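A quick write-up on the structure given underneath.
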């Protein structure tokens, strides 16, 4: 049962990664692309990490995956903020 839950979370995470990638390619302006990419990819990574942690079943692995996810969340927010600031300084869709 836990394997099925883990595989389901991984599959949903892949769907969110795909949605973020499609948003990056299809949305009209830089700010929409940033929003789609950071939100969808962060949620996708969280679901992927949760699925792997459930399948593995180890507490140490779960803690490592949680720390990786938190670091990626922080880096993603910081980089999106820097890109948006640069876009504002350059006057729109840089």
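What follows is calculated from the coordinates using simple rules that are stated; it is not laboratory data. It should be emphasised that the depicted structure is a prediction, and the values quoted were computed from it without experimental measurement. In this analysis, Cβ positions are derived from the backbone assuming ideal geometry, glycine residues included, and neighbour counts consider all displayed protein chains.
Points to keep in mind about this one:
- Between the helical axis of 2-26 and the longest alpha-carbon principal axis of the chain there is an angle of about 10 degrees.
- Relative to the longest principal axis of the Cα atoms of the chain, the long axis of helix 59-90 makes an angle of roughly 10 degrees.
- Relative contact order for the chain, counting Cα pairs under 8 Å that sit 6 or more residues apart, in percent: 33 percent
- Added length on full extension, which subtracts the Cα-Cα distance from 0.36 nm per residue, residue 60 to residue 86: 5.5 nm
- Gyration tensor verdict on the chain (Cα atoms; rounded if a/c is under 1.5, prolate if a/b is larger than b/c, oblate otherwise): oblate
- Virtual spin-label span in nm between residue 1 and residue 31, 7 Å along Cα→Cβ: 4.7 nm
- Against the main long axis of the alpha-carbon atoms of the chain, helix 30-56 sits at an angle near 10°.
- 222 nm mean residue ellipticity, helices alone, for the chain (DSSP H n ≥ 4; -39,500 (n - 2.57); rounded to 500): -32000 deg cm²/dmol
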